[in-house]
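Enquirer: Can you keep this structure in mind? I'll have questions shortly.
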Amino acid sequence: MDWTLEVVVVPVSDLARSIAFYRDQVGFHLDHDTENEHMHVAQLTPPGSGCSVVMGSLPAQNAMAPGSLHGVQLVVADAAAARAELVGRGVDCDEVQVIDPRDGGTFFGFRDPDGNSWAVQEIRTRAEHPLLGRADGARDWADQA
């Protein structure tokens, strides 16, 4: 039996501000922004990822304090290029740190406007062997720098 991780709830205080941050500054794709009399939720997906983030006003989102999500990790083929792109889009990023010279040992981090923190790990083999094939032929945001 396969077990796939497909959604991570990100607790935020201002949905519109968070959509703008993750879409316009970080480069996630806005899959949907749904609002009705019962709720307002948005789902965004990092380019090349099979896992999305969801934020809004559903009970699972309301159970977590805005800014309380820490330790979620993104993976890119080139940490320096990914960091440069984020900085160019106005995201305050930590410096790239090489913890181990082997592939997978390079990291940097950033935080969203609420203080949710993200780690970005460089795995160079992702450039040649992505986890998911890109049916649209598009290049990932880390590869566009």
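The values are calculated or read from the model by the stated rules, or taken from the named source; none is laboratory data. These figures come from a predicted structure and were not determined experimentally. Note: ideal-geometry Cβ built from the backbone for every residue, glycine included; neighbour counts use all protein chains shown.
Enquirer: Criterion first (of a type in the set (S, T, N, Q) and in contact with a Lys or Arg (Cβ under 9 Å, 6 or more places away or on another chain)) does Gln25 satisfy it?
Expert: Considered against the rule, which asks whether it is of a type in the set (S, T, N, Q) and in contact with a Lys or Arg (Cβ under 9 Å, 6 or more places away or on another chain), Gln25 comes out as yes.
Enquirer: If Gln73 passes every condition in (1) of a type outside the set (Phe, Trp, Tyr); (2) loosely packed, with under 13 Cβ neighbours inside 10 Å; (3) modelled with pLDDT of 95 or more; (4) more than 12 Å from the chain's Cα centre (by Cα) but one, which one does it miss?
Expert: (4)
Enquirer: While we're on this one: So if I check each of Phe28, Phe21, which one is in contact (Cβ under 8 Å) with a residue 24 or more places away in the chain and closer than 16 Å to Gly109 by Cβ?
Expert: Of Phe28, Phe21, the one residue that is in contact (Cβ under 8 Å) with a residue 24 or more places away in the chain and closer than 16 Å to Gly109 by Cβ is Phe21.
Enquirer: While we're here: What number goes with the only condition from (1) touching a strand residue (DSSP E or B) at 6+ places or on another chain (Cβ under 9 Å); (2) in contact (Cβ under 8 Å) with a residue 60 or more places away in the chain that Ser117 does not pass?
Expert: (2)
Condition check ((1) touching a Ser or Thr at 6+ places or on another chain (Cβ under 7 Å); (2) modelled with pLDDT of 95 or more) across all residues:
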| residue | (1), (2) |
| --- | --- |
| Val12 | yes, yes |
| Leu15 | no, yes |
| Tyr22 | no, yes |
| Val26 | no, yes |
| Leu30 | no, yes |
| Asp33 | no, yes |
| Leu44 | yes, yes |
| Gly48 | no, no |
| Val54 | no, yes |
